[in-house]
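The structure appears right after this line, and notes come after that.
The values are calculated or read from the model by the stated rules, or taken from the named source; none is laboratory data. The structure displayed is predicted, hence computed values, not measured ones. Ideal geometry is used to build each Cβ from the backbone, glycine not excepted, and the neighbour counts take in all protein chains shown.
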Amino acid sequence: MENNKEFSLREIDLNAIARKIMKRKKLFIINLSITFVVSCAIIFSVPRTYTCSVKLAPESTNSSMGSLGSLASTFGLNMGNLTSQDAIIPEFYPDVIESVDYTTGMFNVKVTSKDGKIKTNYFDYLSHHQKYAWWNIALNKVVSWFKEDEVTPGKGNKINPFRLTKEQTDIVKMIEDNIQGTVDKKTDVITITVTDQDPLICATIADSARSKLQQFIIDYRTAKAKNDLKQALQFSRETKEKYIKAQRIYAAYSDANEDVVLQSFKSKIDELENEMQLRYNAYQTTVQQVQIAQAKLQERTPAFTTLQSATVPIKPTGPKRVMFIFACLFLVFFSTSVYVCKKDI
């Protein structure tokens, strides 16, 4: 019986609210119409953005943990990184993507818009071909009145990450916002997500970001091995030159004293032959060292598996125009309803 009374009271209350709304429907129509126009003016001024993601699986640097590593991975831990000899483990790759050296390396990436009207590098695209909301344009216009003009560095000028200009610093921040990197702690899978206003440029930058991260990791992992190989090659060239020089001296002395039977000349020939043989043995040793260094470089060069390649997105990911408009209409409708109900009390 009490439940029936409560239900009746609710029904009466809802009916009363509905009558109040209908009574002030003109106010609702005016508020909702103004809200619709204003929300459309706001949301349609915001440029649409597209998102593209790529996924990489780097080669494991240490597999000695065995079953213990597998057990730890179930708890979100990566035991392999605890025994890795690398200073930059996969968990640090997002920090690499946000570094100044990495972001400035994206400046000269060639990009082309989907309609083909824009063909330039990424720095110029972010500097002169971005779309902004009307209030941002007005704000930038006002700010430009109070700041000094800065000369944009030409295409031939080398960018110095140690000392960036104001414009270059702004572009670096834009790239940091556009390119995001994450790493799965269980699998070490690297995900690079790029957001941009043009779908083709978005996919191009995602692929370039993947390529540059791969090259950074390869350069880091192989830096010592490359240096060792370089030194081994240099040492091999030097020992080869010394061997050839000793060989020529021996051959010239032997030819000049071919018919000589004096023991002193024979001793000199034996001495030169021994010197040549020592040079040859040293040269053979350096050749083996070069081969070992080449094998070490190959061993240190990491391999990558691309789990998800860059693909030109078809649909924009933001802003959600319909949801924004409906949210604004709902908020205004709710606030107007509360105002009408309180006023009529």
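From Ala293, Ala310, grab the single residue that is among the small types (Gly, Ala, Ser) and in the same structural domain as Ala57 (by TED's automatic domain parsing). Steps first, please.
Details: Ala293 fails: in the same structural domain as Ala57 (by TED's automatic domain parsing).
Step by step, each of Ala293, Ala310 is checked, and only Ala310 is among the small types (Gly, Ala, Ser) and in the same structural domain as Ala57 (by TED's automatic domain parsing).
Name the single residue that is farthest from Val54 (Cα to Cα) among those in segment 185-218 being aliphatic (A, V, I, L, M) and touching a Pro at 6+ places or on another chain (Cβ under 8 Å). Steps first, answer last, please.
Kept after step one, since they are aliphatic (A, V, I, L, M), are these residues of segment 185-218: 189-190, 192, 194, 200-201, 203, 205-206, 209, 213, 217-218.
Right, trim to touching a Pro at 6+ places or on another chain (Cβ under 8 Å) and you get 190, 203, 217-218.
Numbers: Ile190: 8, Ala203: 9, Ile217: 16, Ile218: 18 Å.
So the residue we want is Ile218.
Under 9 Å between Cβ atoms, which residue pairs at least 6 apart in sequence (or on different chains) link something in segment 134-159 that is within 18 Å of Val109 (Cα to Cα) and hydrophobic (A, V, I, L, M, F, W, C) with a partner that is modelled with pLDDT of 80 or more and not in a loop (DSSP other than H, G, I, E, B)?
Ile159/Thr104; Ile159/Phe123; Ile159/Gln168
One residue is enough: does segment 246-266 have a residue meeting the conditions acidic (Asp, Glu), outside any helix (DSSP H, G or I), over 28 Å from Phe216 (Cα atoms) and not assigned by TED's automatic domain parsing to the domain that holds Met22?
The first filter runs over segment 246-266 and keeps only residues acidic (Asp, Glu), leaving 255, 258-259.
Of the ones still in play, those that are also outside any helix (DSSP H, G or I) are 258-259.
Still in the list and also over 28 Å from Phe216 (Cα atoms): 258-259.
Keeping just the survivors that are not assigned by TED's automatic domain parsing to the domain that holds Met22 gives 258-259.
Yes.
Which condition does Asp270 not pass, out of (1) under 30 Å from Lys117 (Cβ atoms); (2) not assigned by TED's automatic domain parsing to the domain that holds Val111, if it passes all the others?
(1)
With touching a Pro at 6+ places or on another chain (Cβ under 8 Å) and either surrounded by fewer than 15 Cβ atoms within 10 Å (Cβ to Cβ) or over 30 Å from Val312 (Cα atoms) (or both) as the only criterion, which of Arg221, Arg237 stands out? Step through it out loud before you land on a result.
Numbers: Arg237 fails: touching a Pro at 6+ places or on another chain (Cβ under 8 Å).
Of the residues listed, the single one that is touching a Pro at 6+ places or on another chain (Cβ under 8 Å) and either surrounded by fewer than 15 Cβ atoms within 10 Å (Cβ to Cβ) or over 30 Å from Val312 (Cα atoms) (or both) is Arg221.
Against the conditions (1) closer than 30 Å to Gln215 by Cβ; (2) modelled with pLDDT of 90 or more; (3) not in a helix (DSSP H, G or I), where does Ile292 fall short? Just the number, please.
Unmet condition: (3).
Can we say Asp188 is surrounded by 13 or more Cβ atoms within 10 Å (Cβ to Cβ) and not in a helix (DSSP H, G or I)? Give the steps one after another, and end with the answer.
Values: surrounded by 13 or more Cβ atoms within 10 Å (Cβ to Cβ): yes; not in a helix (DSSP H, G or I): yes.
So Asp188 fits the description; yes.
For segment 328-340, give me the residue count where each residue is surrounded by 15 or more Cβ atoms within 10 Å (Cβ to Cβ) and over 45 Å from the mean Cα position of the chain (by Cα).
The total comes to 3.
Does segment 319-327 contain any residue that is loosely packed, with under 12 Cβ neighbours inside 10 Å, in a loop (DSSP other than H, G, I, E, B) and either free of Cβ contacts under 8 Å to residues at least 24 places away in the same chain or outside the structural domain of Val38 (by TED's automatic domain parsing) (or both)? Please lay out each step first, then the result.
Looking only at segment 319-327, we keep the residues that are loosely packed, with under 12 Cβ neighbours inside 10 Å, and these are 322-323.
Cutting the leftovers down to in a loop (DSSP other than H, G, I, E, B) gives us none.
The answer is no; no qualifying residue exists.
When you scan segment 245-264, do you find a residue that is surrounded by 19 or more Cβ atoms within 10 Å (Cβ to Cβ) and not acidic (Asp, Glu), even just one? Write out each step before concluding.
Let us first name the residues in segment 245-264 that are surrounded by 19 or more Cβ atoms within 10 Å (Cβ to Cβ), namely 246, 250.
From what is left, the residues that are not acidic (Asp, Glu) are 246, 250.
Looking through segment 245-264, at least one residue is surrounded by 19 or more Cβ atoms within 10 Å (Cβ to Cβ) and not acidic (Asp, Glu).
Consider only pairs whose beta carbons are under 9 Å apart and that are at least six residues apart or on different chains; among these, list those whose first residue lies in segment 161-189 and is farther than 16 Å from Lys212 by Cβ and whose second residue is of a type in the set (D, E, K, R) and part of a helix (DSSP H, G or I).
Once the first residue is farther than 16 Å from Lys212 by Cβ and sits in segment 161-189, its partners that are of a type in the set (D, E, K, R) and part of a helix (DSSP H, G or I) give Val183/Glu91; Lys185/Glu91; Asp188/Glu91.
Name the residue, out of Tyr125, Tyr132, Tyr102, Tyr50, that is modelled with pLDDT of 55 or more and in a loop (DSSP other than H, G, I, E, B). Please lay out each step first, then the result.
Values: Tyr125 fails: in a loop (DSSP other than H, G, I, E, B); Tyr102 fails: in a loop (DSSP other than H, G, I, E, B); Tyr50 fails: in a loop (DSSP other than H, G, I, E, B).
The unique qualifying residue is Tyr132.
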